[in-house]
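Here the structure is laid out as structure tokens; the discussion comes afterwards.
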Amino acid sequence: MLRKRIERQVLSISGLALGGIDFEKPAGDPGLFGPESITWRIHGDFSSMLCGGVSALLLQMLHPLALAGVWDHSSFREDMLGRLRRTSQFISATTFAPVHDANALIEKVKSIHLRVTGTDAYGTPYAASDPDLLVWVHVAEAYSFLQSHLRYRNPALSVSDQNRYYQEFACVAESLGAVNVPDSVAAVDEYLQAMRPQLRCDERTLEVVRLLQNAPAPSRLAKPVGSLMIQAGIELLPDWAVTQLGISLSPSKRRSIRFATRRIAGVLRWAVRNGSWHRAMRRMGRLN
């Protein structure tokens, strides 16, 4: 059946492919946010989250210390798909998993962060547990997920709900050790502008872009869709970030990417019926 084939392909690149977490038990466990949260609503749309995840990774890599930590301590250059799955698992589990599993994964990541230290390409020491660096990584994710939701899922989402999303989702960053996390649309916009002088694009940054653009797909069938989603993630970046990465996107190219992505997003929403959101909703008795 076509729908199930598409769903299998989609879930194979998600954090669910790693296993180890039962999103359907125990019954009634709301996790860190619960089904009434704006975080469940935004993170529950796989299509927009995939675009947002690509955009977040590229935005994060403009920070030389974030780039150095990934470059020195991650296997992403040899296993880009594995990196995407692990990131997807952390986001989906901290959003939708039962409280125990969500907190256990946060503690696991905190312990990993303690071992991620070094010096970047410019001689500046870094540590993944640095509260300021944790804020950058989190804001890049939250901003990108929200922008993708506004573009590909619900452009009418109110500013008050956008603020609520930033306020809710900040708890994950704070649990990892971040402090003074921007928690409103205005605060995030101000933060991103303030961070721009610290951001750099060098040969390693461009290598991440190249690796992402050539990331493997789970099948030949999925390759064109994956390529489109990566283009959509790049196109989603702030204009200043696209310029800094040396990428040229004409107005007609932007329109074609958005048109195609909206069509593919509709197909994926039709096909995926057993993602993390669906399983968590069944745990809460909201779906059969």
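The values are calculated or read from the model by the stated rules, or taken from the named source; none is laboratory data. What you are looking at is a predicted structure, and each value in this text was computed from that prediction instead of being measured. Here Cβ is always computed from backbone atoms with ideal geometry, including for glycine, and neighbour counts include all displayed protein chains. Each accessible area value is taken on the protein alone, full model and side chains, heavy atoms only, with ligands, DNA and RNA left out. Shrake-Rupley method; radii C 1.70, N 1.55, O 1.52, S 1.80 Å.
Would you check if there is a residue in the range 86-94 being of a type in the set (Lys, Arg) and either over 23 Å from TYR165 (Cα atoms) or buried (at least 19 other Cβ atoms within 10 Å of the Cβ) (or both)? No; the residues of the range 86-94 include none that is of a type in the set (Lys, Arg) and either over 23 Å from TYR165 (Cα atoms) or buried (at least 19 other Cβ atoms within 10 Å of the Cβ) (or both). Considering only residues in the range 36-48 that are open to solvent by 30 Å² or more (accessible area, probe 1.4 Å) and either in contact with a Gly (Cβ under 9 Å, 6 or more places away or on another chain) or in a helix (DSSP H, G or I) (or both), the one that is nearest to LEU16 (Cα to Cα) turns out to be PHE46.
For the range 155-167, the condition holds for at least one residue, the condition being that it is open to solvent by 20 Å² or more (accessible area, probe 1.4 Å) and among the hydroxyl-bearing types (Ser, Thr, Tyr).
Which residue, of LEU62, LEU67, LEU58, is aliphatic (A, V, I, L, M), open to solvent by less than 20 Å² (accessible area, probe 1.4 Å) and outside any helix (DSSP H, G or I)? After ruling out the rest, the residue left standing is LEU62.
In the range 251-273, the condition of being farther than 18 Å from TRP136 by Cα, open to solvent by 40 Å² or more (accessible area, probe 1.4 Å) and assigned to a loop (DSSP other than H, G, I, E, B) is met by at least one residue.
Residues in the range 234-243 that are closer than 12 Å to LEU58 by Cβ and either surrounded by 18 or more Cβ atoms within 10 Å (Cβ to Cβ) or hydrophobic (A, V, I, L, M, F, W, C) (or both): 6 in all.
Residues of the range 139-185 that are part of a helix (DSSP H, G or I) and in contact with a Lys or Arg (Cβ under 9 Å, 6 or more places away or on another chain): HIS149, ARG151, TYR152, ASP161, TYR165, SER175, LEU176.
Screening GLY226 on (1) open to solvent by 60 Å² or more (accessible area, probe 1.4 Å); (2) part of a helix (DSSP H, G or I); (3) closer than 18 Å to ILE13 by Cβ shows it passes everything except condition (1).
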